[in-house]
Every structure is written in structure tokens, then in C-alpha cells.
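Beneath this line is the structure, given in C-alpha cells, with notes to follow.
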Amino acid sequence: MKAEYNKGFEQYISEMKPGVEQAIMRTLRMGHENAILKKDLLRKVKENGFLVHERTIRYGINRLRKSGVLIGSTGGTQGGYWICRDREELNEYMNRELKTRIKDMREQIVQMTKTADKIWTADSSQLSLDMPF
């Protein structure tokens, strides 16, 4: 199964339109142990002829993930990117990174909604003078 996955992966890359996303895919390696630091990924993409900003790399990763590419990552200054080798690695990434962000965003939405409900009346979009913070 892994050989078939790798074969499909290479074919997927070769069928991509030349650009930043293809350069990202050509650089990433399979397995968390082969993660590439964000700064090194940026350097490699630039070596492929794309003068891009770090944000462009993040957007490219995001687009690739939304198209179904199984890219894992870790955050922080030593954070890196890799192609998930198996479901276990993918689940570990999603639990550690994505699900915690979703939980944090949900908490923000709940608290901000509670505050908004306290300071804005149903018939007004104006701030109340007795704001709770």
C-alpha cells in the first residue's frame, strides 16, 4: 500500500501546474522524522525560482491541505512540515494541532458572543455604556 501511495504521490506532483505549490510538494518528505523547518522550506522554494514570503508558503500549504494532501506540521521556531506517512501520524497531527485550534476558536466565539449579548441590546447595534470589561 505504501508503494502505491508513493507512486500516486509522485504522479500527483508531476500533474500539478508549475508553481509554488508544486515546489512545496517536491520539497516535502514523508514521515514526521523528515520534517523540514519552515525557513528551510522557504529557502528551497526560492531555490526553485519563486521569490515568495513565508506567508505565501503557509497559504500554499493551506491550499494543498484543502485539496486533500496529507501535510502534517508542528509549530514554533523549530516547527516543520512533512507528508503524513500513515493514518496514525495524520491523527496525531490533527489532534495536536488542528483540534486544539478548533477548541480554542470555539471558546473565543462563545465568550465574545456572551459579551456581545450583554453590551448590545436586541434592537440596537450600539455599544452599551455599562460594558462588562
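The values are calculated or read from the model by the stated rules, or taken from the named source; none is laboratory data. The structure presented is a predicted model; accordingly, all values stated were derived computationally and were not measured. No Cβ is skipped: glycine too gets one built from the backbone with ideal geometry, and neighbour counts run over all protein chains shown.
A few remarks follow.
- Checking each residue of segment 73-92 against the condition of being charged (D, E, K, R), closer than 11 Å to residue 20 by Cβ, surrounded by fewer than 16 Cβ atoms within 10 Å (Cβ to Cβ) and modelled with pLDDT of 90 or more gives no match.
Here is a yes/no grid of residues against (1) free of Cβ contacts under 8 Å to residues at least 12 places away in the same chain; (2) part of a strand (DSSP E or B); (3) charged (D, E, K, R):
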residue	(1), (2), (3)
78	no, no, no
82	no, yes, no
85	no, no, yes
95	yes, no, no
105	yes, no, no
111	yes, no, no
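- Selection of segment 70-113 for residues being under 13 Å from the mean Cα position of the chain (by Cα), aliphatic (A, V, I, L, M) and more than 15 Å from residue 31 (Cβ to Cβ) yields 94, 98, 102.
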